[in-house]
Amino acid sequence: SHTILLVQPGENPETRTYSDYESVNECMEGVCKIYEEHLKRRNPNTPTITYDISQLFDFVDQLSDLSCLVYQKSTNTYAPYNKDWIKEKIYILLRQAAGHTDYNL
């Protein structure tokens, strides 16, 4: 269901941004992409960037704020979710992705 991602990387409220996605999974992929862009900026000459989930979670934890608003059709409202929920959803998403990769081998 429709999901809005709210990000505030630094202490300054002016660093706040938001983006919206068609699903929770798309939103979690968006969080991964934000981290990947961060790594690319820090390592501009590295052709291939790899990371593990603990590094991604450390990045999430260091953000001043990261939360999601997920549309609830039954109540026609958006429910807020925090960093811990986001990390849990990313973990499930990446575990499923890894499982599919193994399955295709």
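The values are calculated or read from the model by the stated rules, or taken from the named source; none is laboratory data. This is a predicted model, so every value here is computed, not measured. Heads up, the Cβs are rebuilt from the backbone with ideal geometry, glycines too, and the neighbour counts pull from every protein chain shown. Ligands, DNA and RNA are stripped out before the accessible areas are found, and what is left, the full protein with its side chains, is counted by its heavy atoms. Shrake-Rupley method; radii C 1.70, N 1.55, O 1.52, S 1.80 Å.
Annotations for the structure displayed:
- Average accessible area per residue (Å²) across the range 4-105 - probe 1.4 Å, nucleic acids and ligands excluded: 70
- Residues listed by number, the range 64-78, amide nitrogen under 12 Å from SER1 label point at 7 Å toward C-beta: 69-78
- Labels on offer are (1) 24, 20, 11; (2) 28, 16, 15; (3) 29, 21, 11, and the one holding semi-axes √(5λ) of the Cα gyration tensor in Å computed from this structure is (1).
- Estimated purely from DSSP H runs of n ≥ 4, each contributing -39500 (n - 2.57), the mean residue ellipticity at 222 nm for the chain is -16500 deg cm²/dmol once divided by its residues.
- Extension reserve of the GLU11-TRP85 stretch, reckoned as 0.36 nm per residue once the Cα distance is removed: 24.5 nm
- Surface share of carbon and sulfur [accessible, 1.4 angstrom probe, percent] for the chain: 50
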